[in-house]
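Read through the structure below, which is laid out as structure tokens, and then see the notes.
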Amino acid sequence: MITARGGLELKDVHLRYGDAHALRGISLRVDPGEFVALLGPSGCGKTTLLRSVAGFAHPQSGHIYIGSKDVVSVPPRERNIGLVFQSYALFPHLTALENVCFGLETRGVNVAAARSRANAALELVGLTGFHGRRPIQLSGGQQQRVALARAIVIEPDILLLDEPLAALDRQLRVQMQTELKSLQRKLGVTTVFVTHDQEEALAMADRIVVMRDGRIEQVAPPMQLFAEPSNAWVGEFVGAGNILSGEIVVDDLGPTIMVAPNWRIRLPNGAKPDAGKALFVRAEKIGLRAPLDGECTLRVLAHRFLGVHIEVHLDFSGGTLRALLPPEKAALYPPNSHVAAVIDPGDCRLLTR
């Protein structure tokens, strides 16, 4: 079993390709045994960050520590990194056992010891009896397990996963999320996981690093990230969040934000009026009802079926809104009907735009 030998720390890492900045002053600490997900839109720098830790990308400045050693100038083969790619990168002419043995043999482990350790790794990932099969004889999920076994058999200091589940169908992907997380817990290996799938990051990670344009926007545990985004961009990116802007008005009852004519939303208790802020509210916190006379109405644009919920898209004079409702409630408000939105101030947050 692997025990966490040390964490990972990046200090003020900058990397650019010509005039294009891929990483802009990245500083991040991953504790020993922690599972951290890098999440962000395409081109945000998450894979470049992972490649920098692995040694395949070369920052112009900054430090990367694995344990207490600065590895920023250390070649990839000397970093003791376990790496699983999206494509798995298995050798097609080798069996599952031979693929897993490969990394050990290149490190000078004798054949008998390498086979023993590879057999144990395949058993650990649930592939007992598949040792003699070549990749073409394995399903996508089985190939993913072989790639994972190959990464962990060398007992890496850090395990790096670059969207390893992206090629799997949804049902298998959810199953592998559970298995991968369970295996990581069992091994105790420090893990950095790149994904563009928000549900995957929320389900698997101890902490999530949200990136945009080569910078880190927020680092937080999943529940905190979902409930307390650090700014309006994170709120809109993670989950079904709404950002409402408008004039902030203070009356005898306290501050409100005027998001449309005849529609004021009371700000949460303790909120300080600030023209640089916008109101954030999750789609599942929005209720709908029949409008009263003179009240601001929203027109239902469309329904999007999400299984347990229906995402209702709404249009009003100041913009658009999304609400998540149970199917039976959404059925009361078909497309082109007019409704009023019900928002509790306690469900709102003021965020920096």
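The values are calculated or read from the model by the stated rules, or taken from the named source; none is laboratory data. All values reported here derive from a predicted model rather than from experimental measurement. Note that we place each Cβ from the backbone using ideal geometry, even for glycine, and neighbour counts take in every protein chain shown. Just the protein is used for accessible areas: all its heavy atoms, side chains included, with ligands, DNA and RNA removed. Shrake-Rupley method; radii C 1.70, N 1.55, O 1.52, S 1.80 Å.
For region 1-60, how many residues are open to solvent by less than 10 Å² (accessible area, probe 1.4 Å) and of a type in the set (Phe, Trp, Tyr)?
1
Can you find even one residue in region 224-242 that is under 28 Å from Leu292 (Cα atoms) and either open to solvent by 30 Å² or more (accessible area, probe 1.4 Å) or not aliphatic (A, V, I, L, M) (or both)?
Yes: region 224-242 contains one or more residues that are under 28 Å from Leu292 (Cα atoms) and either open to solvent by 30 Å² or more (accessible area, probe 1.4 Å) or not aliphatic (A, V, I, L, M) (or both).
In region 201-224, is there at least one residue being in a helix (DSSP H, G or I) and either outside the structural domain of Thr95 (by TED's automatic domain parsing) or of a type in the set (D, E, K, R) (or both)?
No: region 201-224 contains no residue that is in a helix (DSSP H, G or I) and either outside the structural domain of Thr95 (by TED's automatic domain parsing) or of a type in the set (D, E, K, R) (or both).
Which residues, counting only those in region 29-42, are of a type outside the set (Val, Ile, Thr) and touching a residue at least 60 places away in the same chain (Cβ under 8 Å)?
Hits for region 29-42 are Asp31, Pro32, Gly33, Glu34, Phe35, Ala37, Leu38, Leu39, Gly40, Pro41, Ser42.
Suppose the filter is free of Cβ contacts under 8 Å to residues at least 60 places away in the same chain and closer than 23 Å to Glu217 by Cβ; does Ala290 pass it?
no
Just a yes or no: is a residue in region 130-143 part of a helix (DSSP H, G or I), under 21 Å from the mean Cα position of the chain (by Cα) and either assigned by TED's automatic domain parsing to the domain that holds Gly103 or farther than 23 Å from Arg29 by Cβ (or both)?
There is at least one residue in region 130-143 that is part of a helix (DSSP H, G or I), under 21 Å from the mean Cα position of the chain (by Cα) and either assigned by TED's automatic domain parsing to the domain that holds Gly103 or farther than 23 Å from Arg29 by Cβ (or both).
Could you please give the count of residues in region 245-256 that are out of contact with any Lys or Arg (no Cβ under 7 Å at 6 or more places or on another chain) and either without any contact (Cβ under 8 Å) to a residue 12 or more places away in the chain or buried (at least 21 other Cβ atoms within 10 Å of the Cβ) (or both)?
3
Within the group Ala112, Ala118, which residue is assigned to a helix (DSSP H, G or I) and open to solvent by 70 Å² or more (accessible area, probe 1.4 Å)?
Exactly one of Ala112, Ala118 is assigned to a helix (DSSP H, G or I) and open to solvent by 70 Å² or more (accessible area, probe 1.4 Å), namely Ala112.
Restricting to region 311-339, count the residues that are surrounded by 12 or more Cβ atoms within 10 Å (Cβ to Cβ) and either closer than 15 Å to Lys285 by Cβ or of a type in the set (Lys, Arg) (or both).
So the count comes out to 9.
Can you find, within region 131-175, the residue that is surrounded by the fewest Cβ atoms within 10 Å (Cβ to Cβ) among those that are of a type in the set (Val, Ile, Thr) and more than 27 Å from Glu78 (Cβ to Cβ)?
Ile136
Give Thr128, Thr178 a once-over and let me know the one that is closer than 20 Å to Leu104 by Cβ, surrounded by fewer than 17 Cβ atoms within 10 Å (Cβ to Cβ) and of a type in the set (Ser, Thr, Tyr).
When all the criteria are applied, what remains is Thr128.
Given the criteria surrounded by 17 or more Cβ atoms within 10 Å (Cβ to Cβ) and not aromatic (Phe, Trp, Tyr), does Leu187 qualify?
Answer is yes for this residue.
Need the failing condition index for Ala96 against (1) open to solvent by 10 Å² or more (accessible area, probe 1.4 Å); (2) in contact with a Gly (Cβ under 8 Å, 6 or more places away or on another chain), just the number.
If we test Ala96 against (1) open to solvent by 10 Å² or more (accessible area, probe 1.4 Å); (2) in contact with a Gly (Cβ under 8 Å, 6 or more places away or on another chain), just (1) comes out false.
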